[in-house]
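Below is one structure; the comments refer to it alone.
The values are calculated or read from the model by the stated rules, or taken from the named source; none is laboratory data. In this text, all values refer to a predicted model and were calculated from it rather than measured experimentally. Every residue, glycine as well, gets a Cβ built from its backbone with ideal geometry; the counts of neighbours run over all protein chains shown.
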Amino acid sequence: MAYNRDDYVRIKEEFSNKYAKAQKRAEVRRFELYGIIPELRELDGLLSGTGMEIMKIIASGEADPEKKIAELKERNAKIIEERRALLVKNGYAPDYTDVKYECEKCSDTGFDGTKMCECMKRELILAGYESSGIAELIRTQNFENFSLDYYADADNARMKGCVDMLKRFAKDFDSDTYCNFLMLGATGLGKTHLSSAVAKEVIDRGFDVLYVTSVGMTGDFEAERFGNSVGTRQRNKTSRYYEAELLIIDDLGTEVSNQFTLSCLYDVINTRINKRLCTFVNTNLTAKEIDARYSERITSRLFGEYNSIVFTGTDIRKQKRLNNRK
Ligand SMILES: Nc1ncnc2c1ncn2[C@@H]1O[C@H](COP(=O)(O)OP(=O)(O)O)[C@@H](O)[C@H]1O
Ligand SMILES: [Mg+2]
Ligand SMILES: [Zn+2]
């Protein structure tokens, strides 16, 4: 589990702030009440002095320090009861001055002991959807609404096999997973939909996923290389192509083809193979067209290191339109 690094840093900071705010709110409430119920301040004074008193007991060379400490604890329990009664008597809830956290389990620290709390995991997953670049698609195109009914006859059995394989890949995804997929097929057959479905599952498992079109990716490299504003944002943008635990490059073949874009594409594909990071490449091109368009060093990797999934059937967008008309 690695999550997106920027998301992690930001969310950890948010938890820190949340924790501090909860503390502050309780403190404000407590000081307000001191003005109204002065006895409260005295009781709190006694309670907050407990640590010092224990130190004193230990330092005094007392014959039976355990006993003294137990007495102190008993006294504190009584004070706490007294304090609660005092609040109630004045018309406040007995826990009015307690620190109220959004998450009781981790007291808004994001960690339950050394384990990350579920609440922080949830935040990271939501942030992961956003930083994947396909938050919108993930909401609407997932495994639940991916239907095999759109694939007829021979296409159906084969597509079922492919979908099952991708489901398994997503469900079992972990830091050791290394598997690349080349999804080929005409437009409207579900390549992007299935990529989005896989992305969601993998993000839900706590991994950093990035989706990009081939046009978007080469555009980012061009902006970084030739753009006027070579800011840190651009640099971060392309570095994620080499770091995301799952990268989906959609619509290969729609990018402008020149030496620069080809070398960027090669570099991302090759580096990710060397780092054993999973990559999906989707394309409307046929294998033959890929061969004609790209150099040997790219095609040998796409055909050698990727599992090809060929999508066949009838454009599902069209099928849906026809069904709606019926
Ligand atoms: N098997 C499917 N079940 C339900 N909807 C699908 C299926 N495959 C594709 N679609 C829908 O059809 C449209 C086109 O699919 P898409 O994945 O974009 O095709 P491709 O990327 O292969 O061109 C999208 O709206 C998608 O949600
Ligand atoms: Mg597509
Ligand atoms: Zn929590």
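Taking the numbered list (1) in a helix (DSSP H, G or I); (2) in contact with a Leu (Cβ under 6 Å, 6 or more places away or on another chain); (3) away from ligand 1 (no atom under 14 Å from the Cβ) in turn, Ser263 passes all entries but (2). Being away from ligand 1 (no atom under 16 Å from the Cβ), hydroxyl-bearing (Ser, Thr, Tyr) and under 22 Å from Thr192 (Cα atoms) is the filter here, so list the residues in the stretch 270-288 that pass it. Result: Thr279, single match. Go through the stretch 123-234 and tell me which helices (runs of 4 or more DSSP H), entirely inside it, have 2 or more residues that are away from ligand 1 (no atom under 15 Å from the Cβ) and in contact with a helix residue (DSSP H, G or I) (Cβ under 9 Å, 6 or more places away or on another chain). Where helices (runs of 4 or more DSSP H) fall fully within the stretch 123-234 and carry at least 2 residues being away from ligand 1 (no atom under 15 Å from the Cβ) and in contact with a helix residue (DSSP H, G or I) (Cβ under 9 Å, 6 or more places away or on another chain), they are 153-171, 191-204, 214-226. Among the candidates Gly206, Gly219, the residue that is on the phi > 0 side of the Ramachandran plot, away from ligand 2 (no atom under 16 Å from the Cβ) and either modelled with pLDDT of 95 or more or assigned by TED's automatic domain parsing to the domain that holds Arg297 (or both) is uniquely Gly206.
Going residue by residue through the stretch 59-79, is there one that turns out to be surrounded by fewer than 13 Cβ atoms within 10 Å (Cβ to Cβ), closer than 20 Å to Ala93 by Cα and either within 45 Å of the chain's Cα centre (by Cα) or at pLDDT 95 or above (or both)? Yes, because at least one residue in the stretch 59-79 is surrounded by fewer than 13 Cβ atoms within 10 Å (Cβ to Cβ), closer than 20 Å to Ala93 by Cα and either within 45 Å of the chain's Cα centre (by Cα) or at pLDDT 95 or above (or both). Candidates Thr271, Thr261, Thr299, Thr286: the one that is within 16 Å of ligand 2 (Cβ to nearest atom) and at negative phi is Thr286. Do we find that Tyr101 is outside any loop (DSSP other than H, G, I, E, B) and either within 11 Å of ligand 3 (Cβ to nearest atom) or buried (at least 16 other Cβ atoms within 10 Å of the Cβ) (or both) in this structure? Considered against the rule, which asks whether it is outside any loop (DSSP other than H, G, I, E, B) and either within 11 Å of ligand 3 (Cβ to nearest atom) or buried (at least 16 other Cβ atoms within 10 Å of the Cβ) (or both), Tyr101 comes out as no. Applying the set (1) part of a helix (DSSP H, G or I); (2) within 23 Å of Gly206 (Cβ to Cβ); (3) more than 16 Å from ligand 1 (Cβ to nearest atom); (4) hydrophobic (A, V, I, L, M, F, W, C) to Ala77 leaves exactly one unmet item: (2).
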